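The values are calculated or read from the model by the stated rules, or taken from the named source; none is laboratory data. Please read all numbers here as calculations on a predicted model, not as lab measurements. Virtual Cβ from ideal backbone geometry, glycine too; neighbours counted across all protein chains shown.
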Amino acid sequence: MIDKIVLEACVESFQEALKAESLGANRIELCAELNVGGTTPSYALLQSVMKELNIPVMVMIRPRGGNFVYDTMELKTMKQSIAICKSLGVTGVVFGLLDEQNNIDVEKTKNLTEYAAPLEVTFHKAIDETNDIRKAVMDLKQVKGITRILTSGGKQTALEGADQINEMIRTAGDFCKVLAAGRITNKNLDKMSEILHTDEFHGRKIVGVLN
C-alpha cells in the first residue's frame, strides 16, 4: 500500500521545495505566510520553483490571512493569481471560500473553480471552519472541477479528526479525493495511513523536517 500513497509537502520557500522533493514528496503545496495559515506566494518564488522542481506543484490562492469570506476585489485578485499560475504551468491551485455564516460559498467556489480549469483544484482547510462538515462536502459536490478536499476533520490533528475525515471520504465517494492533514509527519504516517481511508497525506513534516 505504501507505494500508492501520495505525500504532499507544505512549503513556503524555494529551499524547502527542493528539500521536500529530495526527501520523497510526491507533490508540494506552495504557500507564503504559513504563520497565518498560508497566502499566495510571490511570482518570483513561483517562477523559481516551477523552473527547478520535477514534481507537481499546487499553489495556495489566498490574498490575506483571516477569514475565508472574500469580496469582489479579493476575488479579482485571486483570479489574477490563478492566471499567473496557469502561465507558469503549475499543476493546480488551492483555495477555500465561505459565506458569512461559515458555510461553503457554492456560487463563488463554482466561479473560481471554472476560472481555474483545467488546473486541479483543492478546496483547503476552510472546510474545517464550517458548521456542518458533512453538509459542506455535499455542497462541494455541486461544484464540477473540485479535485480534492484538504482537511483535518475539523480538529487540530488528523488523529483527533479521524472519524470525521473517514465520514468525509464516504460522503465524497468518487467525486473527489480527501487529502488528510493535521500534524501528520513521516514519524506517524504508517499509523495514520492505517486509521484513515485515504491514500493522500499532507503536512509540513510529511517527508521530514524541511528547515
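List the number of the failed condition for Asn211; all other conditions in (1) of a type in the set (S, T, N, Q); (2) surrounded by 15 or more Cβ atoms within 10 Å (Cβ to Cβ); (3) assigned to a loop (DSSP other than H, G, I, E, B) hold.
Condition (2) is where Asn211 drops out.
Of the conditions (1) at pLDDT 95 or above; (2) loosely packed, with under 15 Cβ neighbours inside 10 Å; (3) not charged (D, E, K, R), Asn131 clears all except one; give me its number.
Going through the list (1) at pLDDT 95 or above; (2) loosely packed, with under 15 Cβ neighbours inside 10 Å; (3) not charged (D, E, K, R), Asn131 breaks only (1).
Of everything in region 174-199, what is of a type outside the set (Gly, Ala, Ser), surrounded by fewer than 21 Cβ atoms within 10 Å (Cβ to Cβ) and outside any loop (DSSP other than H, G, I, E, B)? Give them in sequence order.
Listed by number, the residues that qualify are Lys177, Leu189, Asp190, Lys191, Glu194, Ile195.
Given the structure, is Thr91 touching a residue at least 40 places away in the same chain (Cβ under 8 Å), within 14 Å of the chain's Cα centre (by Cα) and surrounded by fewer than 22 Cβ atoms within 10 Å (Cβ to Cβ)? Step through it out loud before you land on a result.
Details: touching a residue at least 40 places away in the same chain (Cβ under 8 Å): yes; within 14 Å of the chain's Cα centre (by Cα): yes; surrounded by fewer than 22 Cβ atoms within 10 Å (Cβ to Cβ): yes.
For Thr91, the condition - touching a residue at least 40 places away in the same chain (Cβ under 8 Å), within 14 Å of the chain's Cα centre (by Cα) and surrounded by fewer than 22 Cβ atoms within 10 Å (Cβ to Cβ) - is met.
Hey, can you tell me all the residues within region 57-103 that are of a type in the set (Val, Ile, Thr) and in a strand (DSSP E or B)?
Let us first name the residues in region 57-103 that are of a type in the set (Val, Ile, Thr), namely 57, 59, 61, 69, 72, 77, 82, 84, 90-91, 93-94.
Within region 57-103, Val57, Val59, Val93, Val94 qualify.
Would you mention how many residues in region 94-123 are in contact with a strand residue (DSSP E or B) (Cβ under 9 Å, 6 or more places away or on another chain), under 23 Å from Arg134 (Cα atoms) and aliphatic (A, V, I, L, M)?
Adding up the residues that qualify gives 6.
Please work out which one of (1) surrounded by 15 or more Cβ atoms within 10 Å (Cβ to Cβ); (2) closer than 27 Å to Leu189 by Cα is the condition Ser48 fails and give its number.
So Ser48 meets the others, but not (2).
Could you identify the single residue in Thr113, Thr109, Thr171 that is under 21 Å from Gly66 (Cβ atoms), modelled with pLDDT of 95 or more and part of a helix (DSSP H, G or I)?
Details: Thr113 fails: under 21 Å from Gly66 (Cβ atoms); Thr171 fails: under 21 Å from Gly66 (Cβ atoms).
Result: Thr109 is the single residue among Thr113, Thr109, Thr171 that is under 21 Å from Gly66 (Cβ atoms), modelled with pLDDT of 95 or more and part of a helix (DSSP H, G or I).
Give the residues of region 32-65 that are touching a Gly at 6+ places or on another chain (Cβ under 9 Å) and closer than 25 Å to Glu107 by Cα, sorted by residue number.
Residues of region 32-65 touching a Gly at 6+ places or on another chain (Cβ under 9 Å): 32-33, 35-39, 50, 56-60, 62, 65.
Those that are touching a Gly at 6+ places or on another chain (Cβ under 9 Å) and closer than 25 Å to Glu107 by Cα: Gly37, Gly38, Thr39, Met58, Val59, Met60, Arg62, Gly65.
Within region 142-157, which residues are surrounded by 20 or more Cβ atoms within 10 Å (Cβ to Cβ), without any contact (Cβ under 8 Å) to a residue 40 or more places away in the chain and of a type outside the set (S, T, N, Q)?
Correct list: Val143, Ile146, Ile149, Gly153, Gly154.
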